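In what follows, a single structure is set out as structure tokens and then discussed.
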Amino acid sequence: MAVPVEEAIAALSTFSLEDEQPDVQGPGVWVSTERGATESPIEYSDVSAYRLSLSEDTKALNQLNALIQEGKEMASVLYTYRSCVKALPQLPDSMKQSQADLYLETYQVLDLEMSRLREIQRWQASAASKLAADMQRFSRPERRINGPTITHLWSMLKLLDVLVQLDHLKNAKASIPNDFSWYKRTFTQVSIQWQDTDSMREELDDLQIFLSTRWAILMNLHVEMFRVNNVEDILQVLIVFAVESLELDFTLLFPERHILLRVLPVLVVLATSSEKDSESLYKRVKINRLINIFKNDPVIPAFPDLHLSPAAILKELSMYFQKFSAQTRLLGLPAPHELPPREAQEYPRQYLIINHIGAIRAEHDDFALRFASSLNQLLLLKSTDSADIEWSKEVKGSMYDVIVEGFQLLSRWNARIWEQCAWKFSRPCKDPVPLELHETSTSFSDYEKVVRYNYGAEERKALVELVSYIKSIGSMMQRFDTLVADALWETIHAEVQDFVQNTLATMLRTTFRKKKDLSRILSDMRTLSADWMANTSKSESELQSLQHGGDESKGNFFYPRPVAPTAAQIHCLQFLIYEVVSGGNLRKPGGLFGNTGSEIPVNDLKQLESFFYKLSFFLHILDYTATVATLTDLGYLWFREFYLESSRVIQFPIECSLPWMLVEYVLESRNAGLLESVLMPFDIYNDSAQQALVVLKQRFLYDEIEAEVDHCFDIFISKLCEAIFTYYKSWAASELLDPSFVFALDNGEKYSVQPMRFTALLKITRVKLLGRSIDLRCLIAEWMNKVFRENLEFLFDRFESQDLCAIVELEKLLDILKHTHELLSKDLSIDSFSLMLNEMQENISLVSFSSRLASQIWLEMQSDFLPNFILCNTTQRFIRSSKVPLVSVQKPSVPHAKANFYCGTQDLNSAHQSFARLHSGFFGMPHMFSMARLLGSRSLPWLIRALLDHISNKIATIEPMITGLQEALPKSIGLLPFDGGVTGCMRLVKENLNWGKKSELKAEVLRGIKEIGSVIYWMGLLDIVLREVDTTHFMQTAPWLGFFPGADGQILHNEDGGSPVVNLFASATAAIASDPNCPNPMSFHTISKQAEAADLLYKANMNSGSVLEYTLAFTSAALDKYCSKWSTGPKTGFIDITTSKDFYRIYSGLQIGYLEETTQALSNNNEVLGDSVAWGACTVVYLLGQQLHFELFDFSYQVLNVAEVEAASITQTHKVHFAQGWEALLEAMKKARRLNNHVFSMLKARCPLEDKTACAIKQSGAPLHRIKFENTVSAFETLPQKGA
């Protein structure tokens, strides 16, 4: 069934084509297939219908407009002309025989370019002749035709401006004479073989004269003007019109004002060079008015990178026009480079935007508010049915006034930019400061002096702001063109109808009642523009019949209609108003609307003048789109054709390009207020590309712009993403900084991060650039994914170049990077951090349990930590030995990176580095927490297994060494006697433990035992950390699983049965599924099943075993193979006191040996071994069941017992202290005994020997190796029993 059209349209109206993308670019480039309203689409052919005898004027007007269009194309050819000679090949000496062929090909190439110059020569002659003839037509003493109209005057001025620009371009382009000289040389060589070349030579000579003569076009125009009769009248009219327009700011668009400024000095020169009466001009226009205009605008924009100076033009033309050389006051005006110091300081206040940006900012804000307010009123009016006519007229009139003001603001702002550029080009930087280290003062080109080094930081900021204001206001006005179109048309219609139906009617009844000629003109005005169909009061016949009545003062009422006047109607109305005021007399004294000699009252004259100026605005308002395009066009900021020619380079680097300078300034200044405007300068490239293709029609210019844009946009993306990453990284680092640290500082505010407006840029999915649409958000996301991975790679490389103590710093930097990712993910869709982290750790595979970080930690422990770090049991820390490492470690150098790969800024880097240094000198609990969090439950078991295997390997390594020490022991070592005292005991120990030749063997055994002890203590620290983590996990999950802790530490279950999370989802699923309106009950059943699966998974991991207990069980199992060698049973059934060579006896000898060495002044054993030896040896002794044997028969323990007895006997007999000299050794032995007792007490608590099997199994039932071995017979069990 087909959907009705009305319903389809109503449905389509519900769809919104808007998105959340902020408007941070100027209006896009649109395609226009029609001519604008400012140009008559039918070339004023409808003017004849109004019977105003303007056929001659209209014909001449159309002819001038055609010449203007052709002249602009000629100017484009000259402006974009580049030397062909530079590209011509030079033949080597070996190919001189091909010289003739080269001349011919060169001639063919240059002839194409010279043909264009010949065309320009012919065109300017024709244009000068036609313009002179047109002026002469209106300068006859007797008035035979009507005109010229105001539109005609503008066409004359525009054509004269084109001729002046062509002359200036011809004078300034040095490449044209150079190419012509080559062309003439090749023509001479090639034409030898030709016949009848006289005409070609004459044409060539004419072209040479034209190109080599300065101001040839202007002098030719002068000759044509005064060939038949003088044209002083029309020249003076043009001058008066230009002066009044400039003084009254009559022009709406800035290009029109620049046209007047460019042609005015030329008009003055032409008018004063008359043979008739050269001083008559100053009777109508005082010379002071001209001087003021020339002084107020000493620099006039003419071309994008070239300016004109009225003073310079007047001085140069005085050499060619002798009559004008007598005007000393005009010739005394200084050129821009000749300005006195005082005036040179005054003009920057006028030209530089930085001096006006405050007022411009206020104008922008005020206009934006009033435009939005008027727009809202207009929307409210459109949504209101049967609105009041007066209110509707007021709202639409207000909208019209705002639009006119907007055009005036855009015109004034754009003119300021172009005039500032012209001023900068006229005043280059004299002493540029190199911005790069490799630059020297001699390397600066002229273009760098006028652009790159001629704009300071504040000037660039002001320029960016103004460009943004122009583009934003233009975009806002362009976006609502269809919405305001009817309001503009209706307002213009109402203005015209009010004037012709009411104002003119009043004038006809009063002022012009008895003036038949003027009354006829006013009646013509009403005839050609009155809309009687909209009138609801009286008809035209009634109005004419009531002209002498008394009740017409009330005025007519008419309904507004969106029917705007045509270009021809406005053209005719302006002509008729001018006829009323001037009476058709070109020699009328005063200005255009001056009251000198006029019989029109002042009030009526002001009304005519006001409507006359409004008519000029109407065309630009009606041509809304083209006007916005003209006023927002900033493409001239890129072009640099003159400086390319003078600098003799193919193209300048992008650092000299003004659009890129503005983009770079915004990115580097980090100004939050300008950041959203960073894309606005790219609209300059859009405008310049549009000019290159549409106006200049040169593809090579577009190619150059496109190449620069491609390069600049790549750099822009890189710099923008780097700025975004740095900002979010600094933000994250600032939030993770310890608040107490910041609070304690006096300058803590330097660690805070100022907010930046990156959010708008991160939402942009369409950047309009040279006709393409670029997804900026996608590009930023891709770059961020890349830079996050690079940052992770750098952090891991940095960690790999440091020792294990840097694990805390690594975790802190990873936390900052992760928090950066979290902050950025709120505004941008990027890869998950866990995915990138696993990818950089090479841990993506489901069966991969060894990550890059775990492998590096294990490598670091194996090569550096275990050999070179010593344990301090009191502080529970491992510290690096102060002595030379026993094992040298080769590590890569620390990689270098920017500050944003650390914490963002240098201040934040210093702050976080100060915290990192606190943990860089040791390895303890903070490092273990960091390691547990970084490795997680996936890679930590792999590292534990690697360390356990290391224990097993170390035991296997030291086993033959211990066997060697056992063999070196004497057959019998008895108990140390008490009668010899400490000195005798030590002498006896040295005699019995004669391991002098086994010193290296002893050192290796001690290092092996030390590494075993370090691993065991490391596992103890890890066990503490994991227990704390498990406790936290239990507290988070137990309420959902129905668990609670019991009085004895056991985990109890709820009596109800089932976990709360399963019951919750089951009850919710049952309630929802029972509802017959439930659309998909199976999805809720799936959720319930998933809750049951989660319950099983969390319960399985609730009870985790002890890492330390598992380590001890594993070590005990590893010792089983050596139990027969290290722990032999007594042969007699009694304790073997003298002949035992068990492990405890070996360690007893090693312990007393290294204790004695540590007490020596030059010994470093303690700083090499630390407390890990005691942990390793006591663990082996305990697991072998030799603790009591060790405590009874250890040599150091026996020496301490002897020392105690000796000290007691000395105290009783009051003799001199006999153990003098052994105090340090005895203190070391006491410390060792305390440490051994501490280790044994921990081992008894965590690994009781009566339950070896149970301590190797986790309570959760996780499959572990079951370890079982027989208990070693204790010393007390083998002693003789009392009464036996």
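The values are calculated or read from the model by the stated rules, or taken from the named source; none is laboratory data. Note that this is a predicted model, so its numbers are computed, not measured. We place every Cβ from the backbone using ideal geometry, glycine too, and count neighbours over all the protein chains shown. The area values use the complete protein model at the heavy-atom level, side chains included, leaving out ligands, DNA and RNA. Shrake-Rupley method; radii C 1.70, N 1.55, O 1.52, S 1.80 Å.
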For segment 731-776 the number of residues that are within 21 Å of Arg670 (Cβ to Cβ) and without any contact (Cβ under 8 Å) to a residue 12 or more places away in the chain is 3
Matching option when the condition is in a helix (DSSP H, G or I) and touching a Phe, Trp or Tyr at 6+ places or on another chain (Cβ under 8 Å), among Leu1026, Leu1001: Leu1001
If you go through Lys1230, Lys1258, Lys1244, the only one that is open to solvent by 50 Å² or more (accessible area, probe 1.4 Å), at pLDDT 90 or above and out of contact with any strand residue (DSSP E or B) (no Cβ under 9 Å at 6 or more places or on another chain) is Lys1230
Within the bounds of segment 353-365, is there any residue that is over 32 Å from the mean Cα position of the chain (by Cα) and touching a residue at least 12 places away in the same chain (Cβ under 8 Å)? no
Arg987 being part of a helix (DSSP H, G or I), at pLDDT below 90, open to solvent by 40 Å² or more (accessible area, probe 1.4 Å) and not assigned by TED's automatic domain parsing to the domain that holds Ile1146: no
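Quick grid of which residues meet (1) in a helix (DSSP H, G or I); (2) surrounded by fewer than 21 Cβ atoms within 10 Å (Cβ to Cβ); (3) of a type outside the set (Gly, Ala, Ser):
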position: Glu448; (1), (2), (3): yes, no, yes
position: Asn454; (1), (2), (3): no, yes, yes
position: Val464; (1), (2), (3): yes, no, yes
position: Lys471; (1), (2), (3): yes, no, yes
position: Ala487; (1), (2), (3): yes, no, no
position: Val496; (1), (2), (3): yes, no, yes
position: Phe499; (1), (2), (3): yes, no, yes
position: Leu504; (1), (2), (3): yes, no, yes
With criteria (1) open to solvent by 40 Å² or more (accessible area, probe 1.4 Å); (2) assigned to a loop (DSSP other than H, G, I, E, B); (3) not aliphatic (A, V, I, L, M), His1033 comes up short on (2)
Quick one: in segment 268-301, which of the residues that are aliphatic (A, V, I, L, M) and open to solvent by 10 Å² or more (accessible area, probe 1.4 Å) is farthest from Tyr636 (Cα to Cα)? Ile287
Only listed residue being small (Gly, Ala, Ser), in the same structural domain as Leu776 (by TED's automatic domain parsing), touching a Pro at 6+ places or on another chain (Cβ under 8 Å) and modelled with pLDDT of 90 or more, chosen from Ser801, Ser825, Ser834: Ser801
Qualifying helices (runs of 4 or more DSSP H) (wholly inside segment 666-744; at least 3 residues being of a type in the set (D, E, K, R) and surrounded by fewer than 22 Cβ atoms within 10 Å (Cβ to Cβ)): 699-735
Of the residues in segment 368-416, how many are part of a helix (DSSP H, G or I), among the aliphatic types (A, V, I, L, M) and farther than 17 Å from Ser475 by Cβ? 9
Looking only at segment 750-777, how many residues end up being modelled with pLDDT of 90 or more, open to solvent by 60 Å² or more (accessible area, probe 1.4 Å) and part of a helix (DSSP H, G or I)? 1
